[in-house]
1. Would you pick out the residues in region 258-275 that are buried (at least 20 other Cβ atoms within 10 Å of the Cβ) and within 15 Å of Tyr294 (Cα to Cα)?
2. Go through the residues of region 56-65 one by one and say whether even a single one is surrounded by fewer than 18 Cβ atoms within 10 Å (Cβ to Cβ), among the acidic types (Asp, Glu) and over 19 Å from Asp289 (Cα atoms).
3. With respect to Glu195, is the statement that it is among the acidic types (Asp, Glu), part of a strand (DSSP E or B) and at pLDDT 95 or above true?
4. Considering Ala18, Ala27, which residue is part of a loop (DSSP other than H, G, I, E, B), within 20 Å of Ala275 (Cβ to Cβ), out of contact with any strand residue (DSSP E or B) (no Cβ under 8 Å at 6 or more places or on another chain) and modelled with pLDDT under 50?
5. Mind checking which residues of region 72-107 are without any contact (Cβ under 8 Å) to a residue 40 or more places away in the chain and of a type in the set (Asp, Glu)?
6. Give me the pairs, please: first residue somewhere in region 302-315 and buried (at least 23 other Cβ atoms within 10 Å of the Cβ) and at pLDDT 95 or above, second residue anywhere and part of a strand (DSSP E or B) and among the aromatic types (Phe, Trp, Tyr), beta-carbon distance under 6 Å, and either six or more positions apart or on two chains.
7. Checking Val167 against (1) in a loop (DSSP other than H, G, I, E, B); (2) within 20 Å of Asp182 (Cα to Cα); (3) free of Cβ contacts under 8 Å to residues at least 40 places away in the same chain, which test does it fail?
8. Can you go through Arg298, Arg290 and tell me which one is charged (D, E, K, R) and surrounded by fewer than 20 Cβ atoms within 10 Å (Cβ to Cβ)?
Amino acid sequence: MISQKRNWQLLMPLVLPAVMSFSLRAAEPGKIPGIGPLGEVVRIRGDFQFTEGPAQDSDGILYFTDIPAERIYRLGRDGRTSVFLEPSGHANGLMFDAAGKLIACQMDGRLVAMDAAAKQITPLAEEYDGRRFNAPNDLVIDRAGGVYFTDPRFRAPEPWPQGVEAVYYRAADGRVARLIDDVPTPNGVILSPDEKTLYVIPSMQQEMLACEVRSPGILGPKRIFCRLAQPDDAQPGRGGGGDGLSIDTAGNLYITSALGIQVFNPEGELLGIIAIPEKPANVTFGGPDRRTLYVTARTSLYAVKTQAVGHVFPGVVPLP
């Protein structure tokens, strides 16, 4: 096994030398021009149940969830992990808003805001049309302060409280609108850097979707953005879908899948695949220069350096 300390220092220059971590070499995926990966995939920690929702704040602290354990963890700039919140309401997707609040999709049926210092939780959306949400999954925050979030079937009670799986928009004034209700298992969701396109990542189909954003919370018709590459053993007619995703400053999408992180350019062309030792669930850019991909993958949290720079959404400013 190669030097643990050397790999970790390459990923996080601010990490203390005493940090204990180890690296695992992913299958050789080949480098994607202009993107990477640069170096090896490093496992930061590996004793979780099911990790999700990575999001970095303006101080360089990474937050991520362990859904079955009902915990939100923090990865400090010293490389050490600690429990931030327990119980978490089975929190899944996370993102910081412009006020520095941690916005979370709780699969127990709510969209909430968390004060990271006081750990106070404020509900943002708990129901639609008089019924609780199924199990909010992932989210993205726009410049207007609105939140697009998905509400699929995963961990939802039976029968589904909403009766359909959907994508919603919670406006800054608190109003909630249902935008999409005809896509099976909508999961990951993100905006393009110019916020003119909303990407929706279903988990049970090969086709990934995109919609024109005509104004905050107002979408044009859906279109197929791309089709994910499939494992050799995929069942005919049952294309494996995506899960979470991130986006860089050039508008390239990084979609987690059974094959790893599939990277597509804004035209929907597959640029390459970054292999991860475990099946990844979600991914975000972080680190001091936003050139580190943090990957939540089943029992572990991984990191890998890239040449690409992650897009910064309005809630988080770049580190100095």
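The values are calculated or read from the model by the stated rules, or taken from the named source; none is laboratory data. Only a predicted model underlies this, so the values are computations on that prediction, with no experimental measurement involved. A quick note on method: Cβ atoms are made from the backbone with ideal geometry, for glycine too, and the neighbour counts reach across all protein chains shown.
1. Initially, region 258-275 is screened for residues buried (at least 20 other Cβ atoms within 10 Å of the Cβ), giving 259-264, 274.
The answer is Gly260, Ile261, Gln262, Val263, Ile274.
2. The answer is no; no qualifying residue exists.
3. Values: among the acidic types (Asp, Glu): yes; part of a strand (DSSP E or B): no; at pLDDT 95 or above: yes.
Answer is no for this residue.
4. Numbers: Ala18 fails: within 20 Å of Ala275 (Cβ to Cβ).
Step by step, each of Ala18, Ala27 is checked, and only Ala27 is part of a loop (DSSP other than H, G, I, E, B), within 20 Å of Ala275 (Cβ to Cβ), out of contact with any strand residue (DSSP E or B) (no Cβ under 8 Å at 6 or more places or on another chain) and modelled with pLDDT under 50.
5. Glu86
6. Note: pairs meeting the criteria are Ala303/Tyr294; Gly310/Phe285.
7. (1) is the only condition that Val167 fails.
8. On the way: Arg290 fails: surrounded by fewer than 20 Cβ atoms within 10 Å (Cβ to Cβ).
When all the criteria are applied, what remains is Arg298.
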